[in-house]
1. Name the residues whose placed amide hydrogens come within less than 5 Å of the amide hydrogen of residue 151, ignoring near sequence neighbours (fewer than 5 apart) on the same chain.
2. Counting DSSP beta bridges with both partners in the chain, what percentage is antiparallel, nearest 5?
3. What residue among 145, 64, 36 has the largest mean-square fluctuation in a Gaussian network model of the chain, using Cα springs under 10 Å?
4. Could you list which residues have their amide H under 5 Å from that of residue 172, counting only those 5 or more apart in sequence or on another chain, with H placed in the peptide plane?
5. Using only DSSP helix segments of four residues or longer, with each worth -39500 (n - 2.57), what per-residue ellipticity at 222 nm results for the chain after dividing by its residue count and rounding to 500?
6. Pull out a ≥ b ≥ c, the square roots of the eigenvalues of the alpha-carbon gyration tensor of the stretch 75-115, then state rounded if a/c is under 1.5, prolate if not and a/b is larger than b/c, and oblate in the remaining case.
7. Report ³J(HN,Hα) in whole Hz for each residue of the stretch 38-46, in order, from the Karplus equation J = 6.51 cos²θ - 1.76 cosθ + 1.60 where θ = phi - 60°; Gly and Pro get x.
8. Please express the Cα-Cα pair-distance distribution P(r) of the chain as a list of whole percents, one per 10 Å bin, running from 0 to the bin with the greatest distance.
Amino acid sequence: ASDPEREARRNALRSGMSLALWAARQPEAAAVVTAGGPGGDRTFAELNADANRLARVLRSHGLGPGDGVAAMVSNRAEYVVAYAAALRTGVRFTPVNWHLTAEEAAYIVDDCEARAFVADARFAGVAAEAAGGAPAATLRLAVGGDVDGFTSFDDALASEDPTDIADPVLGRAMMYTSGT
C-alpha cells in the first residue's frame, strides 16, 4: 500500500470511520451476511449509510463523546450498525447479553450510564423491564418489531442523512463479563 493509502487507513481507524473507508472502496461487497436471518444482509455501503443515520439520531438526542449506548440485540445487522455508529460518535458501546434477566440487564444499562438503549424485539419483555430500571436511557430504539416504550429503529433512521458525518470522534466499547 502506498503512503497515502496507509495514512487513509490510519485516519479511518483513529476516527472510527473504517467502515466508511471500506464502503468507499467496495460499496457493493457483502459486509454482513445473515444467511436469511433477521435483519437481512448488508453491503458495506448500506451498513455505512445506516451507521451515519444512527450517528445523527444519537447526536440529535444530545449524545456525544463519553456518553453511553447499550445494545441488547441478537445476531443481526442492526447490532453492527449500532456498534459502527458508536465508533464514529465518540460514545461508549456496551453490549448487553440477551440471556440475562431483566434485573441483570437493567443493572448493566444503568451502570454503564447508557443514554440510549437499542433492543431487539425478540427480547421485548426483558428489554422493556430493563429500560424501566435505567432512567438515563431516554432514547430507546426497538429493532425488528415492537418493544413497549421504545421507538422503531427503522423509523428513527428513515429521515436521517446517510452521508458520512463530517466530524467523527473515535468511540470505544465497555464490556461486562458474566461475573459482573
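Just so it is clear, none of the values below were taken in a lab; they were calculated from the coordinates. None of these values were measured; they are calculated from a predicted model.
1. Residues meeting the criterion, in which the H sits 1.01 Å from N, are 140, 141, 142.
2. Looking only at bridges with both residues in the chain, the antiparallel portion is about 10 percent.
3. 36
4. Answer set, sorted by chain and number: 91, 92, 93.
5. Roughly -12500 deg cm²/dmol at 222 nm, from the helical runs in the chain.
6. oblate
7. Rounded to whole hertz, the list is x, x, x, 6, 9, 7, 4, 5, 5.
8. With 10 Å bins starting at 0, P(r) equals 11, 39, 35, 13, 2, 0.
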